[in-house]
1. (1) more than 19 Å from Ser235 (Cβ to Cβ); (2) at pLDDT 90 or above; (3) assigned by the TED database to the domain that holds Phe174: which one isn't true of Ile100, the others all being true?
2. How do the pairs read when you match residues in region 127-151 that are surrounded by fewer than 11 Cβ atoms within 10 Å (Cβ to Cβ) with residues anywhere that are in a helix (DSSP H, G or I), using Cβ under 8 Å and keeping only pairs 6 or more apart or on different chains?
3. Being part of a helix (DSSP H, G or I) and surrounded by fewer than 10 Cβ atoms within 10 Å (Cβ to Cβ) is true for just one of Pro158, Pro110. Which residue is that?
4. Among the residues of region 113-126, what is the count of those that are exposed (fewer than 11 other Cβ atoms within 10 Å of the Cβ), more than 29 Å from Ile227 (Cα to Cα) and within 21 Å of the chain's Cα centre (by Cα)?
5. Would you confirm, using the coordinates I've provided, whether Val61 is surrounded by 10 or more Cβ atoms within 10 Å (Cβ to Cβ) and outside the structural domain of Val147 (by the TED database)?
Amino acid sequence: QRTVIETKAWDVFRDPPPKIDSGSMANQKCLEATAQITKVIVYLVVFVIVLGCGVVAKGAVLFMTSQIRPNRVIVHCNRQLGRDKQFVVTLPEEERIAWIWCIIIAFAVPEIGTFIRSCRMITFKSSKKPLASHFMLVFIMETMHVVGLALMFFSVLPELDVVKAAMLTNCVCFVPGLLGLLSRNKSKDESKRFVLALVDLAALAAQASGFVVWPLLDGSKQTLWLIPPALIMVSCGWWENYVSLQSPI
């Protein structure tokens, strides 16, 4: 056993008292207030950026789809050409084909990025082989999502004006809402489950109203009856967001 004499000076255990904070270290209210203000500013900036990008993206999609309607005629402003006449412009077939390619590219670019990311994860990270049933479920849902987008972009949206089309894009959550209703955890209080079920039913009714409103109001366009299957298939793309591990289904 080591004695006190054998203990070297550099090996002596010391327990000095903690330093007493002073000045700005003792009072951090200003620092905390600055951090909170910075967080609020960052939240607002991110919110504005996300909202602005969403509006621009949806506006660009609606603009592109409105340009591919066959035999589309646009009224030209006659302010400086003569107020006693009305001029119209007919979009040529070449321009319509160009806009179709723009829609295809706008859809393909993020999908290609997702494919490359998935390939990187499979190649450089460990992954477990999925069950055949899981693979088929995801494959069917993603296929229906793509088919629904194709129907929406090339058949439904070109037949609607921009305002109606923008309203229709709010009805693409029918399948997730239905799954959310069916996958409620039964362990919760019955009164709470009843209220949540009523809210889910109201949301589903609001979603389903968009399926038949425009076809009934404009029955002359048979293409609009593609709205119900197109919206249902588009909503299949977000099915996993509303199914939990505790779901009875």
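The values are calculated or read from the model by the stated rules, or taken from the named source; none is laboratory data. All figures in this text were calculated on a predicted structure; none of them were measured in a lab. A quick note on method: Cβ atoms are made from the backbone with ideal geometry, for glycine too, and the neighbour counts reach across all protein chains shown.
1. Every listed condition holds for Ile100 apart from (3).
2. As it stands, the answer is Ser127/Met121, since those pairs meet every condition given.
3. Values: Pro158 fails: surrounded by fewer than 10 Cβ atoms within 10 Å (Cβ to Cβ).
Just one listed residue meets the conditions, Pro110.
4. Total meeting the criteria: 2.
5. Working: surrounded by 10 or more Cβ atoms within 10 Å (Cβ to Cβ): yes; outside the structural domain of Val147 (by the TED database): yes.
Taking the combined requirement at face value, the residue satisfies it.
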